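Working notes, structure below.
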Amino acid sequence: IINNTILAGGDDLLSRIQSILASGFSSPAGRPLSMLTFAINLLLAGYDPFYFKLVNVCIHAVNGILLYFLIVLLLQGTSLAANAEIDAIGIRRIALVVALAWSLHPINLTSVLYVVQRMNSLSAMFVLAGLWVYTRGRIALLTTGKGHLRVIAGLTVFVLPAALCKENGILLPLYAALLEI
């Protein structure tokens with residue numbers, strides 16, 4: 001971040017955006033959404049690492065919340081598909097325990113504390129959001145026969161921003177296929 005002339009160039013956000021989009025900074029795709037968040041951080045707070053890490057913590061918290069809602073939907077969908085009645089409070093408790101365990105697990109520490117790992121966290125955020133929308137669509141298909149647009153949106157709308165944060169975001173459709181299995 002400190003030695004990145006692409007992020008430091010220009011005094012306003014527009015010139016930094018142009019610099020980011022014109023570069024191939026970290027990959028063939030350039031990871032422009034991740035670079036944009038770094039540029040915004042620099043404009044608002046300078047090089048103070050606290051604010052970079054604060055943004056990473058906020059992204060991680062959003063991911064934990066998205067994971068919670070995704071797990072709730074997955075358990076509800078499993079209950080519907082298996083014609084098994086699972087207690088709604090039990091579903092929420094299981095989802096909360098799993099989301100908290102994931103959120104607080106030490107393996108995620110580097111994604112939060114290493115500033116540049118924001119690329120992973122942002123990509124994961126879009127992947128989790130896409131899976132959540134996809135799963136909502138699948139449950140709607142199970143219950144009402146409608147939900148095709150949600151399924152398609154979950155697989156298409158979120159894949160591009162996920163990949164523009166980090167290339168592994170392109171795996172979103174594969175993850176949805178694994179959910180189906």
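The values are calculated or read from the model by the stated rules, or taken from the named source; none is laboratory data. As the structure is a computational prediction, the values presented were derived from the model and not from experiment. Here Cβ is always computed from backbone atoms with ideal geometry, including for glycine, and neighbour counts include all displayed protein chains. Areas reflect the complete protein model, heavy atoms only, side chains present, ligands, DNA and RNA absent. Shrake-Rupley method; radii C 1.70, N 1.55, O 1.52, S 1.80 Å.
In terms of its C-alpha gyration tensor, the range 88-152 has an oblate overall shape, because the principal axis ratio a/c (a ≥ b ≥ c, square roots of the eigenvalues) is not below 1.5 and a/b does not outweigh b/c. Rolled with a 1.4 Å probe across the full set of protein chains, the surface gives K166 an accessible area near 50 Å².
Quick one, could you list the DSSP H helices from the chain stretching 30 Å or more along their long axis (Cα atoms) with average Kyte-Doolittle hydropathy of 0.0 or above? For the chain, where a helix must reach 30 Å along its axis and average at least 0.0, the hits are 49-81, 118-143.
Here the extension length gained between E167 and L80 equals 27.9 nm, from 0.36 nm per residue of separation less the Cα-Cα distance. Peptide packing: for 67-76, 95-104, the average count of neighbouring Cβ atoms within 10 Å per residue gives the ranking 67-76, 95-104, highest mean first. With contacts taken as Cα pairs under 8 Å and at least 6 residues apart, the range 68-140 reaches a relative contact order of 45 percent.
Only Cα pairs under 8 Å and 6+ residues apart enter the sum, and on that basis the relative contact order of the chain stands at 21 percent. Distance between the modelled labels on L96 and I65, one decimal in nanometres: 1.6 nm (7 Å Cα→Cβ projection). Under the shape rule built on the C-alpha gyration tensor, where the axes satisfy a ≥ b ≥ c, the range 56-109 is prolate, since a/c reaches at least 1.5 and a/b is greater than b/c. A helix-only calculation puts the chain at -23500 deg cm²/dmol for mean residue ellipticity at 222 nm, using -39500 (n - 2.57) for each DSSP H run of at least four residues, averaged over all residues.
In the range 92-175, the portion of solvent-accessible area held by carbon and sulfur atoms comes to 74 percent [1.4 Å probe, whole percent, DNA, RNA and ligands not counted]. Which of rounded, prolate, oblate describes the range 62-178, given a ≥ b ≥ c as roots of the alpha-carbon gyration tensor eigenvalues and a/c under 1.5 marking rounded, otherwise prolate only if a/b is larger than b/c? Note, shape of the range 62-178 comes out oblate.
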